[in-house]
Amino acid sequence: MSPLPPDNHVHTEWSWDAVAGSMERSCAEAVRLGLPSVAFTEHVDASRWVLAPEVRDLMPASVVGSDGRFSPVPLDTEGYLACVQRCRDRFRGLQILSGVELGEPHWFAEESAALLATGAFDRVLGSLHSLEIDGELWLVDHLYMAGAPDGVTPEGIVRAYLGETLRMVESSDVFQVLAHIDYPVRLWGAGMPFDPLDFQDEYRAVLRALAGSGRALEVNTRLRFRPEIVRWWYEEGGGAVSFGSDAHQPDQVAHGFAAATAMVEAHGFHRGHGPNDFWVRSASTSRS
């Protein structure tokens with residue numbers, strides 16, 4: 001059995017923001033690392049964010065609309081699935097799962113349901129990248145920048161993010177895994193220590209609702225995932241954990257997995273029955 005779990009959150013050239021992505025080279029990296037499987041969960045976004053002038057030039061030209069807003073590029077499902085099949089044919093010892101990362105699926109319920117009705121995807125992640133501020137949609141990342149609306153604070157961003165995530169969990173059942181619950185912490189800022197205990201009530205509300213729905217929580221290793229969140233997940237009745245690197249280029253596949261798996265195991269979860277399964281909660285544990 002592989003010492004590392006499956007990577008259930010990887011982006012390739014089929015995601016609009018993975019300019020250095022490569023499905024083929026990501027498969028090769030997964031094989032080199034001995035992963036049992038990899039899921040290519042490409043972005044499906046529909047929110048049209050405000051793009052402040054200082055970030056507009058940083059975005060790929062293909063996703064900047066004539067009005068200066070983010071204009072999402074639809075996933076080329078046919079091309080993507082053909083690429084998945086080519087990789088399956090080449091890397092026969094690696095289980096390769098198809099997948100999508102649905103951005104704000106509760107805001108785009110009909111579009112999300114129509115895409116998933118094709119039955120083409122093995123892994124479906126639900127994620128929140130956007131917040132509505134004063135009637136406008138903003139990418140969370142951009143709310144930390146100079147062009148953000150007046151009065152926005154890091155603490156306010158995190159609380160608003162967790163509040164909207166709770167609404168997403170409660171109002172959308174189309175996804176299997178909640179992705180990157182710690183997303184707004186990525187740009188929290190140097191010199192400002194982040195303490196999840198300051199937001200414990202908000203985190204627990206999301207985790208309680210997710211546990212009640214029977215879905216999995218992603219331990220996203222883009223940052224060091226905070227063990228407090230995994231402990232709260234166990235205490236709120238969470239049944240399963242999925243590991244995701246959120247890789248946007250091949251050398252990021254399974255980044256940080258060794259430390260993350262040890263932490264998750266210490267907090268009450270263990271490998272599933274098969275090497276490609278989610279990790280599941282232990283009946284009893286010596287958590288510290």
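Quick notes
- Pairwise alpha-carbon distances in region 72-226 exceed 29 Å for 26% of all pairs.
- All distinct Cα pairs of the chain go into the 1/r average, and the inverse of that average, the Kirkwood radius, is 19.4 Å.
- Here the Karplus curve 6.51 cos²θ - 1.76 cosθ + 1.60, taken at θ = phi - 60°, turns the phi angles of region 95-109 into couplings of 7, 10, 9, 7, x, 9, 10, 7, x, 6, x, 6, 8, 10, 4 Hz, with x standing for Gly and Pro.
- H255-A109 FRET efficiency (beta carbon distance; Förster radius 30 Å; 0.05 resolution): 0.35
- Region 133-199-region 75-100 distance, computed between alpha-carbon centres (Å): 32
- Region 1-63: C-alpha pair distances exceeding 14 Å, %: 65
- Ordering of 52-58, 98-104, 252-258 by packing [mean C-beta count within 10 Å, highest first]: 98-104, 252-258, 52-58
- Note that the chain presents 43 Å² accessible area per residue, ligands and nucleic acids not counted, probe 1.4 Å.
- With every protein chain in place, the chain: carbon and sulfur % of accessible area (1.4 Å): 51
- Here's how it looks for L137: its modeled amide H is under 5 Å from those of V50, which are all 5 or more places away or on a different chain.
- Averaging 1/r over every pair of different alpha carbons in region 151-191 and inverting the result gives a Kirkwood radius of 11.5 Å.
- Once backbone amide H atoms are built at 1.01 Å from N, W16 has H43 as its partners under 5 Å, excluding neighbours fewer than 5 places away on the same chain.
- Per-residue extension of 0.36 nm, minus the Cα-Cα distance of S62 and D201, leaves a gain of 46.1 nm for this segment.
- Scaled to the globular estimate 2.2 N^0.38 Å, the Cα spread of region 225-288, given as radius of gyration, is 1.14.
- Dividing the convex hull volume of the alpha carbon atoms of region 168-237 by its residue count gives 89 Å³ per residue.
- Fluctuation leader among A179, A117, A148 - the chain, Gaussian network, Cα springs under 10 angstrom: A117
- Normalised by the number of residues in the chain, the average gap of Cα pairs under 8 Å and 6 or more apart makes the relative contact order 21 percent.
- Sorted largest first, extent of region 150-288 alpha carbons per principal axis (Å): 50, 35, 33
- Once you divide the Cα radius of gyration of region 1-148 by 2.2 N^0.38 Å, the number left is 1.14.
- Put a plus charge on the Cβ of each Lys and Arg, a minus charge on the Cβ of each Asp and Glu, and nothing anywhere else: the dipole of region 53-101 about its Cα centre is then about 340 debye.
- Separation of alpha-carbon centers, region 233-288 and region 16-69, rounded to whole Å: 24
- For region 1-123: relative contact order, % (alpha-carbon pairs under 8 angstrom, 6 or more apart): 28
The values are calculated or read from the model by the stated rules, or taken from the named source; none is laboratory data. In this text, all values refer to a predicted model and were calculated from it rather than measured experimentally. Note that we place each Cβ from the backbone using ideal geometry, even for glycine, and neighbour counts take in every protein chain shown. These accessible areas exclude ligands, DNA and RNA; they are computed on the full protein's heavy atoms, side chains included. Shrake-Rupley method; radii C 1.70, N 1.55, O 1.52, S 1.80 Å.
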